[in-house]
Amino acid sequence: MSDTINVYLLETVENLKWNHICSMQKYVSVQRQKRINAYRFERDKISSLVTALMTRMIISKHTGLAEYSLNFQTNKFGKPYLTNLKKYEFSISHSDRQSVFTDYKSSVGIDIEMLSNNIKEYKSIYENNFTINEIMHINQSLNPFKEFIKIWTFKEAYVKMIGTGLSTPLSSFDVIKKSSDFKILTTEYKRAVISVCCDCSCSNITIIPVTLEEIVRFYN
């Protein structure tokens, strides 16, 4: 049994413009196109589109299904799933110019957050949304902001794994205490913290870089 879980990571170049890739919207669903075009900022449109394209490509490669046959839906909390492959578990996340994807044989959740993000109000966020134990852990750490980001990704990955999203109060569970119900793996990649939550025996995360050129070749 493998002791690693694969995380596919796409990082777009800083000078990528929406008009460079907008024509590739035709490869995603109409619902996804509506979500993409609802974004106000160009960087968010780009991030949403490339994440969707990468997701379709990897699932197609892993399952053998044609990418155009993949039918995505979400549960009432926003967790995505495939209607034509219901036992297939996957999770996605994006932050700034980085998008990540992972899949596993059981429920899985992933989150990525940039350490470079300047969240001035981060202290009030964790004091109002984390457990007392987690708050103490952050306050006692040498780098409170970094610990805040790590715990935030732990919690996001967990609620994605269980499929309830932020309808589950973040203060209702503790990710510092060890649990027999789930495992949280975390790693840093360049300027980002990536965390994966799953019911698994894995002990490592393996980052597999994906390029935009690879995605374009796949669809063309």
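Structure summary
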| item | result |
| --- | --- |
| Cα-projected label distance for Lys178 with Asn128, points at 7 Å along beta-carbon direction, nm | 3.5 nm |
| Per residue accessible area in Å² of the stretch 74-129, where ligands, DNA and RNA are left out and the probe is 1.4 Å | 53 Å² |
| Rounded FRET efficiency, nearest 0.05, which uses the C-beta distance separating Ser106 from Ser171 and R0 of 22 Å | 0.25 |
| 10 Å-binned pair-distance histogram of the stretch 89-193 (Cα, whole percent) | 14, 48, 34, 4 |
| Debye log10 I(q)/I(0) for the chain, one point scatterer per Cα, at q = 0.09, 0.11, 0.18 Å⁻¹ | -0.37, -0.55, -1.44 |
| Phi-based couplings in Hz for the stretch 162-178 (Karplus 6.51, -1.76, 1.60; Gly and Pro marked x) | 7, x, 10, x, 7, 6, 8, x, 5, 8, 8, 8, 10, 9, 7, 6, 5 |
| Spin-label model distance (nm) - Ser60 vs Trp18, 7 Å beyond Cα toward Cβ | 2.5 nm |
| Stretchable slack from Tyr88 to Ala38, in nm (0.36 nm times residue separation minus alpha-carbon distance) | 15.2 nm |
| Length released on extending from Leu142 to Tyr189, taking residue separation times 0.36 nm less the Cα-Cα span | 14.9 nm |
| For the chain, calculated [θ]222 nm from helices alone, where every DSSP H run of n ≥ 4 adds -39500 (n - 2.57) | -11000 deg cm²/dmol |
| Estimated distance in nm for a label pair at Ile208 and Lys120, the labels positioned 7 Å out from Cα along Cα-to-Cβ | 4.2 nm |
| Sulfur and carbon atoms: percent of accessible area, the chain [1.4 Å] | 50 percent |
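The values are calculated or read from the model by the stated rules, or taken from the named source; none is laboratory data. Keep in mind that this is a model prediction, so the values were computed, not measured. Note that we place each Cβ from the backbone using ideal geometry, even for glycine, and neighbour counts take in every protein chain shown. Only protein heavy atoms, including side chains, enter the accessible area calculation; ligands, DNA and RNA are left aside. Shrake-Rupley method; radii C 1.70, N 1.55, O 1.52, S 1.80 Å.
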